[in-house]
Amino acid sequence: LGLPGWPALAEELMVFRDIELVRLTGVPMHFLHLSTARSVELVRAAKADGLAVTAEAAPHHFSLTDECLAGFDPVFKVNPPLREPADIAAIKAGLADGTIDAIATDHAPHAPHTKELPLDQAPPGMIGLETALGLCLAELDMPLAAIVAALSWKPAAIAGVAHRHGRPLVPGEPANITVFDPQLEWQVAPGAMASKSRNTPYVGRLLRGKVRHTVYAGAPVVVDGVARR
């Protein structure tokens, strides 16, 4: 593309370094947005050694490849960048076997004029909150319970908020609840999304699974798929 790159090695060296620091100090480490096959291998080996490491990946890193950037569209510019098909396969495998503990949306809204800049000048990031569940159900070969765990109670535990989020649905528990239809198919249309930003790379893509209702702190904030706040 004639633009400065961000090779996989740049990420992998930092993952290796931080794993060795965990080995030295015993301090837990959480890795954000793994994007390469070697990063997944390093985390898998660290866990096999009994080190206190956890990791997450974003939906765009298991559903889009670097080939999307061939048209120089800044909507596909993210940090870390999109990778090759082998990396996407490794991220999926890492999620399936538990090497990658959580799925994070990396939701990054941007005003339209910023994403209309040339690729090398536009800010990185794409919106991902509303498409995360649908991409997980459409792209990942995992049981539904495992996908929900990676989106809910596992990240809650990592973040230290498991006393409020990802709790059982029983009386007396915090009323932070998401109700979704796992079979509903829908097509991504930016104008129909709740986000004020439109920088989604999935325009026109058919997804499976959609949130119907969300209750936060006992108050409904999404009802029948429409945001109330």
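Here are some notes:
- Loop sites in region 129-200: GluC sites (Glu not before Pro), DSSP, at most 15 other Cβ within 10 Å: none
- Helix content alone sets the calculated 222 nm mean residue ellipticity of the chain: runs of n ≥ 4 DSSP H residues at -39500 (n - 2.57) each, divided across all residues, give -9000 deg cm²/dmol.
- Across K154/K196; K77/K115; K77/K210; K77/K196; K115/K210; K92/K154, pairs whose alpha-carbon gap is larger than 21 Å: K154/K196; K77/K210; K115/K210
- Reported to the nearest whole Å, the Cα centre-to-centre distance from region 109-129 to region 158-200 is 24.
- Ordering 161-171, 93-103, 45-55 by mean Cβ neighbour count within 10 Å, with the highest value first, yields 93-103, 45-55, 161-171.
- As a length-normalised measure over Cα pairs under 8 Å and 6 or more apart, the relative contact order of region 123-179 settles at 18 percent.
- Taking the convex hull of the alpha carbon positions in the chain and averaging its projected area over all directions gives 13.5 nm².
- Beta bridge orientation in the chain: antiparallel %, DSSP, nearest 5: 70 percent
Values quoted throughout were computed directly from the atomic coordinates according to the rules given, and no laboratory measurement underlies them. A quick note: this is a predicted structure, and the numbers were derived from the prediction, not measured. All Cβ positions, even for glycine, are placed from backbone atoms using ideal geometry, and neighbour counts span all protein chains on display.
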